[in-house]
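Structure, as structure tokens:
The values are calculated or read from the model by the stated rules, or taken from the named source; none is laboratory data. Quick caveat: nothing in here was measured; it's all calculated off a predicted structure. With ideal geometry, Cβ positions are generated from the backbone for all residues, glycine too; neighbour counts draw on all protein chains shown.
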Amino acid sequence: MGRINVVVVSAACALLLAGCTSAPAGPPGLTASPTTSETAAPTPAPTEDEGVDDLSDPELGIVFEDIPELEGDAADVYNWIATYNKEYWRTLTTNTVSPAFGVLASAEVQARMQQIADKNTSIQGTIGGVLHSSISNVVVDGDSASGMVCDDFREATFADPTRSYTPEEAGFGDRASVKVTLARVPAEDRWTIATTTVEGTC
């Protein structure tokens, strides 16, 4: 049986497709369409305080695992990546671009998010369930930073108007490893997601 066309199904995928330098072609088949559930308020930007935050959100359906102990800039960068991943998942499950991307991401990434939401809506696909995400290898070098995101879609759900699909059928059986780069905005004491690049599996 053929795979469904998923434009973007998971935070990892979204990261892949949103401003990536390389991204795999979507499998022929499913995409996501808006859900009728209440839209939660976007996650506020991380605050510059001590340590790493666990941004897991059972209601939204995202769980952060293997959370490291970090301090200073490294903790801030982790929190910004986690916030981005969370808002990406919110976008995928609602097919509405999270307004938080206006603060979280570069113009290129924001444009890609809109393309993804529009495409998924046009094919009447739905994405839901739970995304398991981990962030590692956070490195800060002056006003630049990077980290690796690993998303596991084992409990994510995919459907179109004709049927439901397993993560494997949707083309998301493997966990994608995505490198996220960030740039500091010194005047505003924050970071933005600059690019995302797929680097194999995790």
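Number of residues in the range 136-153 that are part of a strand (DSSP E or B) and either among the charged types (D, E, K, R) or touching a Phe, Trp or Tyr at 6+ places or on another chain (Cβ under 6 Å) (or both) equals 5. Restricting attention to the range 149-164, the residues that are buried (at least 24 other Cβ atoms within 10 Å of the Cβ) and farther than 30 Å from Val77 by Cβ total 1.
Put simply, of Val138, Val130 the only residue that is modelled with pLDDT of 95 or more, surrounded by 21 or more Cβ atoms within 10 Å (Cβ to Cβ) and touching a Gly at 6+ places or on another chain (Cβ under 6 Å) is Val138.
In the range 89-148, the residue that is nearest to Thr166 (Cα to Cα) out of those that are touching a Lys or Arg at 6+ places or on another chain (Cβ under 8 Å) and of a type in the set (Ser, Thr, Tyr) is Ser98.
Every residue, every condition in (1) under 20 Å from Val198 (Cβ atoms); (2) surrounded by 14 or more Cβ atoms within 10 Å (Cβ to Cβ); (3) at pLDDT 50 or above; (4) over 13 Å from the mean Cα position of the chain (by Cα), yes or no:
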residue	(1), (2), (3), (4)
Arg3	yes, yes, no, yes
Gly19	yes, yes, no, no
Thr31	yes, yes, no, yes
Asp53	no, yes, yes, yes
Thr83	no, yes, yes, no
Arg90	no, yes, yes, no
Ala107	no, no, yes, yes
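What do you reckon, is Glu168 of a type outside the set (Ser, Thr, Tyr) and under 16 Å from the mean Cα position of the chain (by Cα)? Against the criterion (of a type outside the set (Ser, Thr, Tyr) and under 16 Å from the mean Cα position of the chain (by Cα)), Glu168 does not qualify. Checking the range 55-63 against the condition returns no match, with no residue being in contact with a Ser or Thr (Cβ under 9 Å, 6 or more places away or on another chain), at pLDDT below 50 and buried (at least 21 other Cβ atoms within 10 Å of the Cβ).
Screening the range 65-81 for residues that are out of contact with any strand residue (DSSP E or B) (no Cβ under 8 Å at 6 or more places or on another chain) and crowded, with 18+ Cβ neighbours inside 10 Å and picking the one that is farthest from Val138 (Cα to Cα) gives Asn79.
Within the range 49-101, the set of residues being of a type outside the set (A, V, I, L, M), touching a Pro at 6+ places or on another chain (Cβ under 9 Å) and not in a helix (DSSP H, G or I) comprises Asp53, Asn95, Thr96, Ser98, Pro99.
Of the set (1) more than 13 Å from the chain's Cα centre (by Cα); (2) at pLDDT below 95, all apply to Asp66 but (2).
Residue pairs whose Cβ atoms lie under 6 Å apart, separated by 6 or more positions or on different chains, with the first residue in the range 104-123 and more than 13 Å from Leu92 (Cα to Cα) and the second aliphatic (A, V, I, L, M) and buried (at least 18 other Cβ atoms within 10 Å of the Cβ), are Leu104/Ile193; Ala105/Ile193; Val109/Ala18; Val109/Ile193.
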